[in-house]
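Q: There's a structure below that I have some questions on.
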Amino acid sequence: MINWNDLGFEYTDTDYIVRCSYHNGEWGKLVATRRKEINLHVAATVLQYGQEAFEGLKAVRGIDGKVRIFRMLENCRRLARSCEALYMAPVPEQLFEEAILLTLKKNIRYLPPYGSGASLYFRPMVICTTPRLGVGPGWDYEFIVYASPIGTYFKGGFHSTPFILSRRVDRAAPYGTGQYKVGGNYAAAFRATEPAHERGCGSMFLDSRYHRFIDECGAANFFGIKPLKVAEGKRDNEKNVSGYEFVTPRSLSILPSITNDSLMTIATDAGMKVSRRRVPLSELREFTECAACGTASVVSPISKVIDEDRHVTYNFSETPGPVCSMLYNTLLGIMRGELPDKYNWCLIR
Ligand SMILES: Cc1ncc(COP(=O)(O)O)c(C=O)c1O
């Protein structure tokens, strides 16, 4: 029996994976299998040249006992963009949806109960299996989905974490593959993320061209919260979030986060000003709160950003601020069916 409270963000074995092959220009039949290993030719282009794209999304058990899968089609569309960027065939929307629903059905006993804070995470991926020696893309693919229950990201409650600014390692270049979810981006960033992780910190990346603007945080987007000027006439009450601006980077080298997109909608709805633009590192001084955001944590507030090479630390509160807390609770409330899902973000089963 799984102790839902003990789960972290690591793989826990489930019963089935779901897979589908692509040969001669078409996708075959979707199959569910207990076998987690795959047969792969040693010269497959996924192994030689990193021809691989993946996704991450989750399902949670709601207050009404129903299962909610969050914004699945957005993950499907992003996977299609990643596949096309690496010269692979995209997975059609219907096939993607069938694969996720079949993975859910076959592993339903691993869906954590309502109130546990845990969820069932799906990892869809497309790999290219054609053996090729010459540098170039192949033409056979395997679309695979596996599932794993994951625990609440915040052991001991929603809290803030320090982040280390990466000045010696860049994650992605403009016009590179930063806006796609492809394996190579992550291996390339380990040199920054692992040393930070060993010190209990997250990583923050700068734009690789100028090293002046904030790009994103490890495997999450970044946003900052800034009080609107009194002159703009909105900041009459500190507790009223409509007196704040939600600022998030616009950059060619970051992954368009589905969580961030959802938070921007929630912020707009709450009357906040939402700006997506270049965010100079120096603007950190103007933020009253800031956070990383993504599927795993939803919102991960930042307690400080350490710029070691410049001997500067940008300090924020050790505890999550009111705007981060509102955004976090609202998005989780929608996922759990506790708040109305007015944008139809959840597929309910
Ligand atoms: C590099 C990167 N940025 C941002 C995110 C957050 O995206 P999402 O909110 O869609 O999970 C992820 C996670 O998928 C990521 O890997």
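The values are calculated or read from the model by the stated rules, or taken from the named source; none is laboratory data. All figures in this text were calculated on a predicted structure; none of them were measured in a lab. Neighbour counts are summed over all protein chains in view; Cβ atoms, including those assigned to glycine, are modelled from backbone coordinates with ideal geometry.
Q: For Tyr210, only one of the following conditions fails: (1) surrounded by 15 or more Cβ atoms within 10 Å (Cβ to Cβ); (2) not in a strand (DSSP E or B). What is its number?
A: (1)
Q: Residue pairs, Cβ under 6 Å, 6 or more apart or interchain, first in region 163-184 and within 13 Å of the ligand (Cβ to nearest atom), second β-branched (Val, Ile, Thr). List them.
A: Here the result reads Gly178/Ile254, each pair linking region 163-184 to a residue that is β-branched (Val, Ile, Thr).
Q: Still on this structure, I have one more. Please list, ordered by first then second residue, the pairs with beta carbon atoms under 6 Å, 6 or more apart or interchain, first in region 218-229 and over 17 Å from Arg277 (Cβ atoms), second basic (Lys, Arg).
A: Once the first residue is over 17 Å from Arg277 (Cβ atoms) and sits in region 218-229, its partners that are basic (Lys, Arg) give Pro227/Arg235.
Q: For the structure I just gave you, tell me whether Glu142 is over 22 Å from the mean Cα position of the chain (by Cα), under 19 Å from Gly184 (Cβ atoms), more than 16 Å from the ligand (Cβ to nearest atom) and among the acidic types (Asp, Glu).
A: Considered against the rule, which asks whether it is over 22 Å from the mean Cα position of the chain (by Cα), under 19 Å from Gly184 (Cβ atoms), more than 16 Å from the ligand (Cβ to nearest atom) and among the acidic types (Asp, Glu), Glu142 comes out as yes.
Q: Among the candidates Glu26, Glu37, Glu74, which residue alone is closer than 23 Å to Thr259 by Cα and of a type in the set (Asp, Glu)?
A: Result of the check over Glu26, Glu37, Glu74: Glu74.
Q: Give the residues of region 256-273 that are away from the ligand (no atom under 16 Å from the Cβ) and aliphatic (A, V, I, L, M), sorted by residue number.
A: Selection gives Ala270, Met272.
Q: So in region 270-291, with the set limited to residues that are in contact (Cβ under 8 Å) with a residue 24 or more places away in the chain and of a type in the set (Ser, Thr, Tyr), which one is nearest to Cys201 (Cα to Cα)?
A: Filtering region 270-291 for residues that are in contact (Cβ under 8 Å) with a residue 24 or more places away in the chain and of a type in the set (Ser, Thr, Tyr), the one nearest to Cys201 (Cα to Cα) comes out as Thr288.
Q: Among the candidates Ser303, Ser297, single out the residue that is in the same structural domain as Ser203 (by TED's automatic domain parsing) and at pLDDT below 95.
A: From the options Ser303, Ser297, the qualifying one is Ser297.
Q: Return a yes/no flag: does region 180-193 have any residue that is surrounded by fewer than 21 Cβ atoms within 10 Å (Cβ to Cβ), touching a Pro at 6+ places or on another chain (Cβ under 9 Å) and not aliphatic (A, V, I, L, M).
A: No, region 180-193 contains no residue that is surrounded by fewer than 21 Cβ atoms within 10 Å (Cβ to Cβ), touching a Pro at 6+ places or on another chain (Cβ under 9 Å) and not aliphatic (A, V, I, L, M).
Q: In addition: Give the number of residues within region 309-335 that are closer than 20 Å to Glu245 by Cα, among the β-branched types (Val, Ile, Thr) and under 22 Å from the mean Cα position of the chain (by Cα).
A: Looking only at that region, the number is 2.
Q: Same structure, new question: How do the pairs read when you match residues in region 292-310 that are near the ligand (Cβ under 10 Å from one of its atoms) with residues anywhere that are basic (Lys, Arg) and modelled with pLDDT of 95 or more, using Cβ under 7 Å and keeping only pairs 6 or more apart or on different chains?
A: Thr295/Lys58
Q: Separate question: Just give me the residues in region 311-328 being away from the ligand (no atom under 16 Å from the Cβ) and of a type outside the set (A, V, I, L, M), in sequence order.
A: His311, Thr313, Tyr314, Asn315, Phe316, Ser317, Glu318, Thr319, Pro320, Gly321, Pro322, Ser325
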